[in-house]
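Shown next, in structure tokens, is the structure this report addresses.
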Amino acid sequence: DVTSPKHGKVDPDNMPHVGGNTWAGGTGGRDTAGLGGKGGPYRLDAGHEVYQVSQAEKDAVPEEVKRAAREMGEKAFKQRLKEIQMSEYDASIYERFSRAVRRQVQSLRIILDNLQ
């Protein structure tokens, strides 16, 4: 069961973690920042294969946990904007321009990765 969202511990060796309730950047787990899990405060990609929990499990997360996770994610987002000296307005403008070229950037990344 999910209890309360948190960032989670950072693995100094960046080992892949699947499931559980401990590691930041894990996949398919609960309560911690990562990918494919449920109840975490925000998405955090540590570069590992993603294991996804079912949509039914995600839908079963209690509303108070979802609310707490949203609040924690929003707080982390605002803190990150502050660190990079960007306003929420700047972030929305950046997102608008970024969204318009996202597919082209992804294609270019694939081409460059293949060239390397």
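The values are calculated or read from the model by the stated rules, or taken from the named source; none is laboratory data. Just so we're clear, the structure is a prediction, and the values are computed from it rather than from any experiment. A quick note on method: Cβ atoms are made from the backbone with ideal geometry, for glycine too, and the neighbour counts reach across all protein chains shown. These accessible areas exclude ligands, DNA and RNA; they are computed on the full protein's heavy atoms, side chains included. Shrake-Rupley method; radii C 1.70, N 1.55, O 1.52, S 1.80 Å.
Per residue, the average separation of C-alpha pairs within less than 8 Å and at least 6 apart gives the chain a relative contact order of 17 percent. Among the GluC sites (Glu not before Pro) in region 24-83, those placed in a DSSP loop whose Cβ has at most 13 other Cβ atoms within 10 Å are E49.
In the complete set of protein chains, residue-level accessible area for K9 is approximately 130 Å², probe 1.4 angstrom.
Heavy-atom accessible area for S107, with the other protein chains in place and a 1.4 Å probe, reaches approximately 60 Å². Angle between the Cα long axis of helix 63-83 and the longest principal axis of the chain, 0 to 90 degrees, nearest 10? With both axes taken from Cα atoms, the answer is about 40 degrees. Each helix, a run of at least 4 DSSP H residues, gives -39500 (n - 2.57); summed and divided by the residues of the chain, these come to -16000 deg cm²/dmol at 222 nm. Computed from Cα atoms, the angle from the helix 88-115 axis to the main principal axis of the chain rounds to 80 degrees.
Quick one, which of (i) 12, 37, 30, 15, 5, 0; (ii) 14, 47, 31, 7, 1; (iii) 14, 32, 34, 19, 1 is the actual P(r) over Cα pairs in 10 Å bins from 0, in percent calculated for this model? After the calculation, the listed value that fits is (iii). In a reduced charge model with +1 at each Lys and Arg Cβ and -1 at each Asp and Glu Cβ, the chain shows a dipole moment near 340 debye about its Cα centre.
Surface composition of the chain: carbon plus sulfur atoms hold 53% of the accessible area, using a 1.4 angstrom probe and ignoring ligands, DNA and RNA. Here r is the Cβ-Cβ distance between A60 and D11 and R0 is 30 Å; the resulting FRET efficiency, rounded to 0.05, is 0.65. At a probe radius of 1.4 angstrom, the accessible area of the chain per residue rounds to 74 square angstrom.
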